[in-house]
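So the structure is just underneath, and the comments pick up after that.
Each reported figure results from applying straightforward, stated rules to the coordinates on display, with no laboratory input. All values derive from a computational prediction rather than experimental measurement. As a convention, Cβ positions derive from the backbone with ideal geometry for all residues, glycine included, and neighbour counts pool all protein chains shown.
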Amino acid sequence: MHTPTLKGRVVIGLCLAGILTGGCTSGEQSEVTSQSTEPKEPEAVQMAAEMAPLEPTDEYDVIDPDMSCEDANRFSVRAVERLGYEVTSFMPASDDTAGKIEAKQMGRWGGEEVVSVTIACGSNGVRITPRSDVTPCEQANMVMHQAVESSGFTITSYTPATLLKAGRITGEKEGAEPTSVTITCYIERNRVEMETSEDSPVLDNVDFYQALTDFQLGFFTAFNKLDERVAKNPADQDRLYVALRPLNVVDNQVVFGTKELSVLPIKVNISNPTQQTYLFETQRIMLTDASGKRVKPISEGETAFPAPSLTDRSIGPGAHVQGYLYYPLGTYTGARGSLADQRNQEREGFSVEFKPW
C-alpha cells in the first residue's frame with residue numbers, strides 16, 4: 001500500500017440541520033483548493049481538558065420553569081416524531097416520576113440510531129434531556145467508510161476520528177489511484193469536516209455527500225418551534241384571554257393514554273387579568289367547520305369523556321381556568337364564543353383560528 005499523491009483537496013463541511021437535513025450537495029458544501037498539496041497525516045484536534053471525548057453535551061437540554069408537565073410530555077413526543085424517529089416506548093412524566101421517550105430510525109450510514117428523551121418535572125419547572133447513541137462524529141466515520149466502499153474501493157486502513165484526533169480512511173481499487181478521506185471532528189460537536197483529493201472517484205458518489213444529523217440540536221429546535229405555537233398568558237395586558245386548541249392522536253395518547261377517542265377534545269385556557277368577573281358558559285363555546293356551521297360541545301352524560309369536562313362557572317379577577325370541552329369528531333377551522341361581564345351582562349366575544357401543528 002502507498003499513500004496517493006494529491007493534486008488538490010476538497011473539504012466538505014457537513015451541514016447538521018436544526019431539524020432535518022435532506023442531504024448536502026457538493027456545490028453547496030464543498031470548497032476546492034486550487035494549489036497542489038502533499039498528503040498530511042491527521043492532526044490532533046484541540047480539546048478542552050475537562051471534556052470527555054464524544055460525551056453528549058447538555059447545551060441543548062430544554063429547561064423551562066413555567067412549563068407544565070403535560071406540555072413537556074406532549075411537545076417532546078411531537079418533536080421526536082417530527083424529526084422522523086419512530087417512538088418505541090413512552091412513559092409520561094409526572095410531578096413525582098421522571099418520564100422517558102425511546103425512539104429509533106435508520107441512519108444514513110445504514111445502521112440504526114437509537115435516541116432517548118428524559119423528562120423531569122417539579123416545583124422548579126421541567127428539564128428535558130435529549131440523547132442519541134450515535135454522535136455526529138461517529139456518523140461521519142460510518143458514512144465515509146460506506147462512501148469509500150460503495151465507490152468500489154477496498155478499505156486498506158481505517159482510523160476512526162474522535163474529538164481528540166482526526167481520522168483517516170484509505171482504499172485501493174484495481175485500475176485506479178488509491179484514495180483517502182480525512183475526517184475532523186470539532187469541539188462544537190455539530191461541526192464535522194471530510195477532506196479528500198479533488199480528483200478522487202469518491203467525489204462522484206452520492207454517499208460522500210450524505211448529510212449528518214445532530215439529534216440533540218434537532219430536538220431542541222423542533223421543541224422550541226412547537227412551544228412557540230402555544231399562546232402564553234398576557235398577564236400584563238388588561239383584557240380577557242381565551243385560547244382553544246384541538247388535540248390530535250399524539251396529544252390523546254399523552255394526556256389520556258389512548259389514541260382512539262369517540263369525541264374530539266378541545267384544550268381550553270382562559271385567563272382574566274382584569275378587575276371584572278366573567279361568566280363562562282360552555283354551550284356558548286362553538287366550533288366552526290369549513291362551511292361555517294357552528295357546533296356546540298357535547299353535554300356531560302351524553303357520552304363517556306376521557307376526563308371531566310369544564311362546567312359553567314364564574315371567572316374572577318386574576319383567575320385562570322384550564323381544562324377540556326368535547327365535541328363530535330370532525331374537521332374544524334376554528335372556534336367562536338363569548339363570556340358575559342357579570343356586572344353589566346355585556347359580552348366579551350372571541351374568535352380562534354385553528355392552525356396545523
State the volume of the convex hull built on the alpha-carbon positions of the stretch 300-357, expressed per residue in Å³ and rounded to an integer. 136 Å³
Tell me, how many Å apart are the Cα centres for the stretch 257-304 and for the stretch 154-216? 56 Å
What ranking of Tyr85, Tyr241 emerges when the number of other C-beta atoms within 10 Å of each C-beta is taken as an exposure proxy, fewest first? Tyr241, Tyr85
In vacuo Debye sum over C-alpha of the stretch 78-136, base-10 log of normalised intensity I(q)/I(0) at q = 0.14, 0.20, 0.31 Å⁻¹, listed in q order, is -0.42, -0.74, -1.29
I want to make sure I understand the PRE zone here: with the label point 7 angstrom from the Cα of Asn224 toward its beta carbon, which residues in the stretch 82-121 have backbone N atoms less than 18 Å away? 82-83
In terms of the ratio Rg/(2.2 N^0.38 Å) built on C-alpha atoms, what value belongs to the stretch 247-318? 1.30
How charged is the neighbourhood of Asp207? Take every other residue with its Cβ under 11 Å from the Cβ of Asp207, and add Lys/Arg as +1 and Asp/Glu as -1. -1
Amide H contacts under 5 Å for Gln342, restricted to residues at least 5 apart in sequence or on another chain and with H modeled in the peptide plane, are Thr277, Tyr278, Leu279
Relative to the present Cα-Cα distance, how much length would full extension add between Glu81 and His320 at 0.36 nm per residue of separation? 82.9 nm
Can you give me the relative contact order of the stretch 231-353 as a percent, contacts being Cα pairs under 8 Å and 6 or more apart? 29 percent
Cα Rg, Dmax, the stretch 231-353, angstrom units: 14.6, 43
Going by C-beta contacts inside 10 Å, put Asp214, Asp96 in order with the fewest on the left. Asp96, Asp214
Read phi for every residue in the stretch 116-123 and hand back ³J(HN,Hα) as whole Hz from Karplus 6.51 cos²θ - 1.76 cosθ + 1.60, θ = phi - 60°, with x for Gly and Pro. 8, 9, 9, 10, 10, 10, x, 5
I want to make sure I understand the PRE zone here: with the label point 7 angstrom from the Cα of Thr277 toward its beta carbon, which residues in the stretch 328-357 have backbone N atoms less than 19 Å away? 339-348
Using 0.36 nm per residue, how much length does the chain from Glu260 to Gln342 gain when fully extended, once their Cα-Cα distance is taken away? 25.6 nm
Going fewest to most other Cβ atoms within 10 Å around each Cβ, Leu329, Leu310 line up as Leu329, Leu310
Between Asp199 and Thr159, how many nm apart are label points set 7 Å from Cα along the C-beta direction? 2.5 nm
